[in-house]
1. So which residues in the stretch 24-59 are without any contact (Cβ under 8 Å) to a residue 60 or more places away in the chain and more than 13 Å from the ligand (Cβ to nearest atom)?
2. Identify, please: which residue in the stretch 15-62 is at pLDDT below 95 and β-branched (Val, Ile, Thr) and is, among those, farthest from GLY315 (Cα to Cα)?
3. Scan the stretch 79-116 residue by residue and report those that are outside any loop (DSSP other than H, G, I, E, B), over 18 Å from GLY62 (Cβ atoms) and in contact (Cβ under 8 Å) with a residue 60 or more places away in the chain.
4. What residue, of VAL237, VAL223, is of a type outside the set (S, T, N, Q), out of contact with any Cys (no Cβ under 8 Å at 6 or more places or on another chain) and surrounded by fewer than 17 Cβ atoms within 10 Å (Cβ to Cβ)?
5. Out of the stretch 207-220, which residues are open to solvent by less than 40 Å² (accessible area, probe 1.4 Å) and within 13 Å of the ligand (Cβ to nearest atom)?
6. Pick from LEU300, LEU279, LEU312, LEU308: which is surrounded by 16 or more Cβ atoms within 10 Å (Cβ to Cβ), of a type outside the set (Gly, Ala, Ser), within 16 Å of the ligand (Cβ to nearest atom) and at pLDDT 95 or above?
7. How many residues does the stretch 49-67 contain that are over 24 Å from ARG268 (Cβ atoms), assigned to a loop (DSSP other than H, G, I, E, B) and among the aliphatic types (A, V, I, L, M)?
Amino acid sequence: MRVTVLGAGVIGLTVADELIRRGHTVAVVDPHPARGASYAAAGMLSPAAEVWHGEEEILRLGTASLALWPALADRLGVELRTAPTLLVGYDAGDLQQVERQAALVGGLGGRATLLDRAAVRACEPVLARVAGAASLEGEMSVDPRAVCAALLARIPVVSGDPGGADVTVVATGACLPEPWAGLVRGVRGEILRVRSDDPPTHTVRGWVGGEPIYLVPRGNGEVVVGATAEEHQAPPVVTAGGVHRLLTAGRTLWPGLDRAELVESTARDRPATADGRPLIGPSGADGVVLAAGHHRHGVLLAPLTARLVADLLDGAAVDPSVDPRRLITAGKERHVDHAQR
Ligand code: GLY
């Protein structure tokens, strides 16, 4: 088939890569490749650390996609960091949150091993004295910018739609075209990048006095400190308050942050859906497939999304839990039909 993929973020590029591998002719369209949410993404491949009550399906989808990451990273020649995620509670209240999360993960069939203060110190000595943690074995991280750069080295991207496609895959994250725009809302995330000669060696996700925070180390001393989450209508900008919250929680958990070089602050919109699950599959309009709305999980779910979209084009049934039609109301469907006519 001739396929146009709208959007050259981590989702659009992995979808395009998989479609090309399966023999389709693909054009990727994006005036600013890899500069959307993928540019801010920390790259946690953490289905257990990122699953919340009410979004349990993310663990199943994320675990399935995590299993596809080693082969993808190998093929692209990008590093996968494989130390387990530490889910850390700074004080007693934060530790209760960790224990609730560990119980949720255990109840869903995942693995979370509780660590006391001394065990956390032995495992990650750069952290402050924390109340305790859970170790999430099998989780990983990857540098999304390196992933996108490797994909962009293989896949040409054009700035305007060449037309003539049999199928269009819409992978434009938080900015969907009509009539689907209302299916996704932007949730601003602000992150900092710092460089340290004493970084953590694990992805650390946790709470400090109730404030969620994560530290994601790269191989070169860089650490991503994230992330705020705010629903808003305005363009995503880095705010003084957001930076303050990240630095306050980050340096409490990792005192060495004070000595790190502040390299960058970035804000982007996460593409959130009403039920927290992505939109992967038929759009309700002939020849248009959605691959969007991945909220906090775009990097993790990229290889699974690519497989699901390619399978769909090969005639497979859509996974009902991510089928976009679950969120397309009768009114919207009428709107789509009208747009088609
Ligand atoms: N997945 C990390 C974030 O959305 O901040």
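The values are calculated or read from the model by the stated rules, or taken from the named source; none is laboratory data. What you see is a predicted model; the values in this text were computed from it and never measured. Virtual Cβ from ideal backbone geometry, glycine too; neighbours counted across all protein chains shown. These accessible areas exclude ligands, DNA and RNA; they are computed on the full protein's heavy atoms, side chains included. Shrake-Rupley method; radii C 1.70, N 1.55, O 1.52, S 1.80 Å.
1. THR25, HIS32, ARG35, HIS53, GLU56, LEU59
2. VAL51
3. Within the stretch 79-116, VAL88, GLY89, GLY93, ASP94, GLN97, VAL98 qualify.
4. Numbers: VAL223 fails: surrounded by fewer than 17 Cβ atoms within 10 Å (Cβ to Cβ).
Unique residue meeting the criteria: VAL237.
5. Here is the first cut: in the stretch 207-220, the ones open to solvent by less than 40 Å² (accessible area, probe 1.4 Å) are 207-208, 213-218.
Scanning the stretch 207-220 gives ILE213, TYR214, LEU215, VAL216.
6. Values: LEU279 fails: within 16 Å of the ligand (Cβ to nearest atom); LEU312 fails: within 16 Å of the ligand (Cβ to nearest atom); LEU308 fails: within 16 Å of the ligand (Cβ to nearest atom).
Just one listed residue meets the conditions, LEU300.
7. Selection size over the stretch 49-67: 1.
Conditions tested, residue by residue: (1) more than 30 Å from ARG326 (Cα to Cα); (2) in a strand (DSSP E or B); (3) over 20 Å from the mean Cα position of the chain (by Cα).
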{"site": "PRO200", "(1), (2), (3)": "yes, no, yes"}
{"site": "ASN220", "(1), (2), (3)": "yes, no, yes"}
{"site": "PRO235", "(1), (2), (3)": "no, no, no"}
{"site": "VAL238", "(1), (2), (3)": "yes, no, no"}
{"site": "GLY241", "(1), (2), (3)": "yes, no, yes"}
{"site": "GLY256", "(1), (2), (3)": "yes, no, yes"}
{"site": "SER265", "(1), (2), (3)": "yes, yes, no"}
{"site": "PRO271", "(1), (2), (3)": "no, yes, no"}
{"site": "ASP275", "(1), (2), (3)": "no, no, no"}
